1. Within segment 182-207, restricting attention to residues that are small (Gly, Ala, Ser) and surrounded by fewer than 18 Cβ atoms within 10 Å (Cβ to Cβ), which residue is nearest to Gln125 (Cα to Cα)?
2. Against the definition (assigned by the TED database to the domain that holds Thr70 and either closer than 28 Å to Ile252 by Cα or at pLDDT 95 or above (or both)), how does Ser197 come out, yes or no?
3. Under 7 Å by Cβ, and 6 or more places apart or on different chains, what pairs join a residue from segment 154-167 that is under 15 Å from Leu227 (Cα atoms) and in the same structural domain as Gln125 (by the TED database) with one that is in a loop (DSSP other than H, G, I, E, B) and open to solvent by 40 Å² or more (accessible area, probe 1.4 Å)?
4. Does any residue of segment 345-358 turn out to be modelled with pLDDT of 85 or more, over 26 Å from the mean Cα position of the chain (by Cα) and farther than 30 Å from Asp25 by Cβ?
5. Taking the residues in segment 208-243 that are more than 19 Å from the chain's Cα centre (by Cα) and small (Gly, Ala, Ser) as candidates, determine which candidate is surrounded by the most Cβ atoms within 10 Å (Cβ to Cβ).
6. Could you list, in sequence order, all residues of segment 292-345 that are open to solvent by 30 Å² or more (accessible area, probe 1.4 Å), in contact with a Lys or Arg (Cβ under 7 Å, 6 or more places away or on another chain) and either of a type in the set (D, E, K, R) or closer than 21 Å to Thr387 by Cβ (or both)?
7. Taking segment 166-187, which residues are of a type in the set (A, V, I, L, M) and farther than 18 Å from Ser131 by Cα?
8. Any chance you could count how many residues in segment 163-181 are closer than 27 Å to Gly221 by Cα, open to solvent by 40 Å² or more (accessible area, probe 1.4 Å) and of a type outside the set (Val, Ile, Thr)?
Amino acid sequence: MDRLNGPPRLMIVSDLDFTMFDHEDPENLSLLRFNALWEAYYRHDSLLVYSTGRSPRIYKQLRNEKPLLTPDITIMSVGTEIAYGEPMVPDYDWEQRLNLNWDRDIITQETAKFPQLIPQSDTEQRPHKVSFFLEKPNSLEVIKALSESLEKHKLDVKIIYSHGTALDVLPKSADKGQALAYLQRRFKANGRVPLSSLVCGDSGNDAELFTVPDVFGVMVGNAQEELLQWCAENARNNPNIIHSTERCASGIIQAIGKFSFGPNVSPRDIKDWGKCRVNVLSPGYEVVKFYLLYERWRRAEVEKSDQILQNLKSSFYPLGTFVHPSGTEQPMSKCEDMMKKLYGDKQGKQYCIWLDRVSTSQIGSDAWLVKFDKWESTGEERHCCLTTVLLNTKQAEEGFTWMHIHQTWLDGMETKHRTVWFL
């Protein structure tokens, strides 16, 4: 929140598995579409919140495997843990609230009486979450009996069953919805209530998100029956909750358009920028667009034309400097020659680029400083560098001139061979 000057224009609160990213999409196409849209149009004045059932450990593991953007806030362990920013600073006030009438030892003892409950891994057992696997045919009977058993101990707990396989026992005051409501109270106390909030989910443990007052909601196209049934029973006449026709992140993009929150055409969906006029002069959009062209050039998804090279040449300041992550400097005038050599070198490979944490600041009447993490992935190999670009607005036409580029490796994300990294 500190990076914003006022209330967020939009806050997206999204589940991860089968909502923000699709396990059945090996190339992460829908997620990459969302990434480009968010960094081009929303990052500078909006909030991205992940709300996941994953524990911190396997959430971080997922971040290392998938091209997920860095969220402003992370709600984990089915709403029992909240963390802020890239360093994931814990919210200890929230954790203290969950201690009331919570006794993990008694819950462990009572659940041990049910052989149908198979404990999940130790990483998923958290201070305010006790988690099991439970087969669906046994679920109703076991949940009813376990609830009665825990009530006898006068504990304020709740049982959440999701994906037809996972059962979580939580404090009654904890779930994804109550964690979000707590955040909203904090925003209100600081005068930073988002102008619009969109919650996104696919399964039963997302249902409580849709109960938070004044939110819009989207059940993604692949939502499970348990969530669809819940909404049919509890939100049938709510026009602010929709069931998208698109899967996962593509369904979130669809909801952005349905509710008219702002731009809903991802830069990745624009195949020919020469024919598509986008009425936006934005430094964030400029860097996203450039690196999408760079990705398509190396994948040979655009024609190897003199026009593209000429446009590139006209965008780079002839006397500008490019500082490679290794520290080597070269004039930007050489970039055209290097681009020629790289055409199609990633053709047929699972190669993609995405930008994260794009931030912009105007440092003069026509000058902008843009900072972001630039990620490249080829198969399972990933690299990232912190990138700073100085842009000047063009005087005679719309657009920007790239005056200077400076890159440094993110710790542990450097390449072994200098030749595999350019720009």
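The values are calculated or read from the model by the stated rules, or taken from the named source; none is laboratory data. In this text, all values refer to a predicted model and were calculated from it rather than measured experimentally. Every residue, glycine as well, gets a Cβ built from its backbone with ideal geometry; the counts of neighbours run over all protein chains shown. Areas reflect the complete protein model, heavy atoms only, side chains present, ligands, DNA and RNA absent. Shrake-Rupley method; radii C 1.70, N 1.55, O 1.52, S 1.80 Å.
1. Ala189
2. For Ser197, the condition - assigned by the TED database to the domain that holds Thr70 and either closer than 28 Å to Ile252 by Cα or at pLDDT 95 or above (or both) - is met.
3. His163/Gln224
4. no
5. In this case the residue turns out to be Ala235.
6. Arg299, Ser326, Glu336, Asp345 - these are the residues of segment 292-345 that are open to solvent by 30 Å² or more (accessible area, probe 1.4 Å), in contact with a Lys or Arg (Cβ under 7 Å, 6 or more places away or on another chain) and either of a type in the set (D, E, K, R) or closer than 21 Å to Thr387 by Cβ (or both).
7. Those that are of a type in the set (A, V, I, L, M) and farther than 18 Å from Ser131 by Cα: Ala179, Leu180, Ala181, Leu183.
8. The total comes to 2.
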